[in-house]
Every structure is written in structure tokens, then in C-alpha cells.
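A quick write-up on the structure given underneath.
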Amino acid sequence: MKYLIDYTMLYEVDTGTILLEGVEETAVRLSNQAARLLHVLILNNGKLLERDELIKRVWEDHGFSGSSVSLNVAISEIRKAFRMLEHDPSLITTVRGKGFSLSAHIQHHTVRPKKEATADGKSLYEQTPSNWLRKNVRNILLILLMIILSAVVSSIVTQWMSRNTLPQDPSLSYAGHFHQCAIYVMNKNNGADLNHSLEEAARGLINNKINCLQRAADVYLSTFHQINLQNSFMGVCFLQDSHSGYRSCISFRSLTGE
């Protein structure tokens, strides 16, 4: 079983491993005690668990002798793993004299389905060039449209940079915060789900090594979906210390699909 913690950290229960989703090189292996403890905290996300209850469920129920000291060591180990993955260790809160609680966005991790063969039983690359071109004219046109859309969005963000102020645009929707980064979704009229957009932006920030724990920024996300293709544009504008304007902006673009 796997859980996605705080949008981007993937916890594999069977192996006791935490890593950034899709980045195997970041894997951190927990001790057996810390792995069981994190699983209990995930199952009771948002709830205060008293020390005695945690010691019983993590140690005594598994035939081991636990103590308050061993509990503190396991908590420190999990927090260290969070910190190594550039996440806030205070996701686990200490309630003095009582116990601990985990406060994070938790969801079951789902595996994306494998690519399917085409209707004639052949993969895309087994088809002849003429058949491939005939069957994918529509996708080629969509890609060209997406490139044009990306250029338009890039132009809009450039104008915002020159103004150095947050735009007041009815097509701009606030999706939420990822640490110190405020996420805004452009072209909300395409029916995009704001929670899904928030998760997508969080993954993009991690993958592009934008540290929202230490730097405040406004993030603008625009995603265009058509059939099985997705074109995403993300602009990140870092705020000045006074939050009166932007210090600098960078942009990222990705095209995914079959």
C-alpha cells in the first residue's frame, strides 16, 4: 500500500520507504519502528494520538517493548526524512504532555494504467508512417494549438512581470497555498478542478526544485486538456521581502500524453 503525503511525498508501507513521487533517487528508508509509527499517524491523520497508545500500537502489539524515549527517537527519524525531502518536519505536531498528531494532505496513491495498444492490435510504433500520419493528424493539430496557447500565456506572464503587481483577472482562480507559494489557476472556464490543479502545481514545483519552504512566490498554472494530451504552463514569480511586488519570474512548460 502507498500513500501520497503533502501532495509529493510517496510513502510505501511495505518497504517503509519515503521518496518524492517519481524520483527514485530521493528514497529514504525508515527503521521498522519509525515505519510502523508513520503508518499509524497516516491512518489517524489530523487526530491527536497519546504517547501510551502509540507505544502500544507501534511496539507492544508487535511483540516489542517500547518507551517514551524510543517514541521520541522514531518521531525524530520521520521528521529528519521529511526535512531531507525538503518538506516541513512540523507536519508532525508535538502536544506537550499528551502525544503527537500528523496534519498533512493524505491520499491513497494510484498507479497510472499502462499504455494500451491501438484498435488494430499494434502499438503506435508498429504502424506504417502513412497510417500513423493519417490517424494522428488531429493530435498534430492539437500540439500546434497548444504551442500557440503556450506562447500567448507566456506573453501574459511577461506583462505581469513588467507591472510587478498581482493581476486582477476574472479568468484567474485561487487554488490554495503550497507552503509559502500561492497557486493561481488561469482559464478556469475549462472546467479544471482546483484541488487537482493545486496538486499538479505542487508536483511541478518539486520537480523543478522550487523551494516554497524558504521563498514566497505567486504561481500561475494554465493547463489545456484535449483527448489524451495535456499541455501545462507554469509561471513562478518570487515576491520581494516586503511583498510589494515581484523580485523575478521564471516559467516552465510541459507536454504529456500519448
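Rule-based calculations on the coordinates, nothing more; no lab input. Note that the coordinates shown come from a computational prediction; the quantities given were computed from them, not determined experimentally. Note that we place each Cβ from the backbone using ideal geometry, even for glycine, and neighbour counts take in every protein chain shown.
Please work out if R29 is among the basic types (K, R) and crowded, with 19+ Cβ neighbours inside 10 Å.
So R29 does not fit the description; no.
The residue that is nearest to A81 (Cα to Cα), counting only those in segment 1-25 that are surrounded by fewer than 19 Cβ atoms within 10 Å (Cβ to Cβ) and of a type in the set (S, T, N, Q), is T17.
Taking each residue of segment 69-97 that is assigned to a strand (DSSP E or B) and looking for partners that are of a type in the set (G, A, S) with beta-carbon atoms closer than 9 Å, six or more apart or interchain, yields I92/S101; I92/S103; I92/A104; T93/S101; T93/S103; T94/S101; V95/S101. Can you work out which of the residues in segment 55-90 that are more than 29 Å from the chain's Cα centre (by Cα) and of a type in the set (S, T, N, Q) is surrounded by the most Cβ atoms within 10 Å (Cβ to Cβ)? Among those residues, the one meeting the criterion is S70.
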